[in-house]
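Below: one structure, written as structure tokens.
Any read-out appearing in this document is the output of simple, stated calculations on the displayed coordinates, not a laboratory observation. None of these values were measured; they are calculated from a predicted model. Positions of Cβ are backbone-derived with ideal geometry, glycine not excepted, and every protein chain shown enters the neighbour counts.
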Amino acid sequence: MKTETRYLIAALALVSLFFVFPPDHRQPHDPIDTTVLLLLASAGILLSRMFILSSDSSDKTGIEPAVIVTLATWGITGAVYPLVALMTFTGSILNSIRMQKNLSLQIPEAVFQGVSFAFLLKLSGFFYWNLSGIHTDAGAIRTYLSIIAAVIPVTALRCIAANCFNNRISVFSTTFKKGILLNTFIVLLAVPSAMGVLKGTDRTQLLISCTFGLFAILVVHGINLRQNRSAHEKTDELETVIKLKELSGNLFSATSEMEALRTISSAVSTAWSCRVAVQWKSLKYFHGSRWDTADTVCIKHNAGLTIWIDSFSSTIPMYMESFLNRAVPVLTDLEARKKMETTSWEAMEAMVSFVEQNSSDFAGFSRRVAATATRICRSLKKDVWFQDCMRLAGLLHMVSLPKRNKDGSPNTPHALPEITLQALEEMTEHWGGTGPSGKSGEQIPLPARILAVSIAWERAMNSGETIAVRDMNMRAGTLYDPRLSELVIQLNG
């Protein structure tokens, strides 16, 4: 099911649950008080929704629960719910515009956020007013405890929604703990206005206390965000810190998924000086030693790429989405190439097995030669292309090849790589110069010398390892390259 569909279904479910609660029977404010409080509520919701863009990437709840519960303590009924939904929707759309996201894809999320805020306002009002009651002698401690009782379920539901729909969050337990600590502390600022509503103070005092409480919450959170982001501002934004252009080049030059994961983890670890783990589907890589990734910042992409960063600093910016979007296509391409290569090798080995099946003495011989040639190439630190060419030469060395044209060009252009052709065409040459063309020593191409040693070793192994070692030592320097002869003995020693 698409994410957009999930958002709309969840929004419809919350609309249905909204009417489960009993109607509000609280004494309404007079029209002037109601109008001013509605304007304050609109501003508070819009600003809190805008602040979420600057919040720590491991904390997607911010101060929204505190603002919602503060509005619930004001006792506004009726129009406040659609107004809160509208302001939340507007704030979400503005965030999408600021982040340059596709608006058509973000509208379902904005609708869900709007409906969920209206629902949470109704829920927090239900908890708060049933626990506190309307008493003119309500004390500060009793009021504060009633507010906390409303903050806890609202924060929990925000964390659950974030874990269900948002990729850039940490594990639920960490998000919930941080949300509870922040919101239960910051709602202390809402106690005076809540007590003013309960005691029925005069209009001027009530509106001043509501205005002060709401905007004090926003200012305190804004100062906290500024302090958290100052360290990041000293090191500039992600484009500079993580050097995305250089990273993209390194990713596209990677020859395997594991190499790409190493490149990603090294770049992130260098940028923030922290431990990093990266997982691409079932393949996981730790930068450095293995460590416990629980309760750390977890950044996910729905294609299967996950990064754990051992840091709770808000210097891990929202630009990580750009980082993941660059890495995923490379990993997907590497995975596709790997599958295609595996299928091609399996088809080639099946063909060779069919050729060998007429002789039980040669069953599996070509595959063993190919494996030995590949191991020699790896020991010589040859690149993957050279290794693949020699693996192919090992598989095909018993198959007759068409002769070259008179000008020396292949009779079947582009059918085989030049490295493979060199190995197959000159594998019968002798190191001492007694072969068909009289070439000797390093006049013989390296691929041909590797293939000759690999064939000789696997053929001699039919008589046992002791005889194979003796034969290779006897013929090194006459038939075979002495350095490669010694190497193949070491590899099988």
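When you count the other C-beta atoms within 10 angstrom of each residue and take the mean per peptide, 40-48, 425-433 line up highest first as 40-48, 425-433. Remark: C-alpha extents of the range 63-103 on the principal axes read 37, 21, 8 Å, sorted largest to smallest. Protection proxy ranking of 373-386, 84-97, by the mean of other Cβ atoms within 10 Å over each peptide's residues and highest first, is 84-97, 373-386. For the peptides 148-160, 199-211, residues were scored by their other Cβ atoms within 10 Å and the scores averaged per peptide; the highest-first order is 148-160, 199-211. Phi angles across the range 2-14 convert, under the Karplus curve 6.51 cos²θ - 1.76 cosθ + 1.60 with θ = phi - 60°, into 3J(HN,Hα) values of 5, 4, 4, 5, 4, 4, 5, 5, 5, 4, 4, 4, 5 Hz, Gly and Pro given as x.
Beyond 27 Å in Cα-Cα separation lie the following of the pairs Lys177/Lys300; Lys177/Lys281; Lys284/Lys381; Lys382/Lys439; Lys2/Lys177; Lys122/Lys300: Lys177/Lys281; Lys2/Lys177; Lys122/Lys300.
If Lys and Arg each add +1 and Asp and Glu each add -1, what is the summed charge of the other residues whose beta carbon sits under 13 Å from the beta carbon of Tyr285?
In short, +3.
With a simple spin-label model that places each label point 7 Å from the Cα along the Cα-to-Cβ direction, the separation between Thr332 and Ser463 comes to 5.7 nm.
Remark: C-alpha extents of the range 422-470 on the principal axes read 31, 18, 15 Å, sorted largest to smallest. With 0.36 nm allotted per residue and the present C-alpha distance subtracted, the Ser282-Thr478 stretch has 65.6 nm of extension available. Note that the range 300-310 has calculated 3J(HN,Hα) couplings of 10, 10, 5, 7, x, 9, 10, 10, 9, 10, 7 Hz, one per residue in order, obtained from phi through the Karplus relation 6.51 cos²θ - 1.76 cosθ + 1.60 (θ = phi - 60°); glycine and proline are x.
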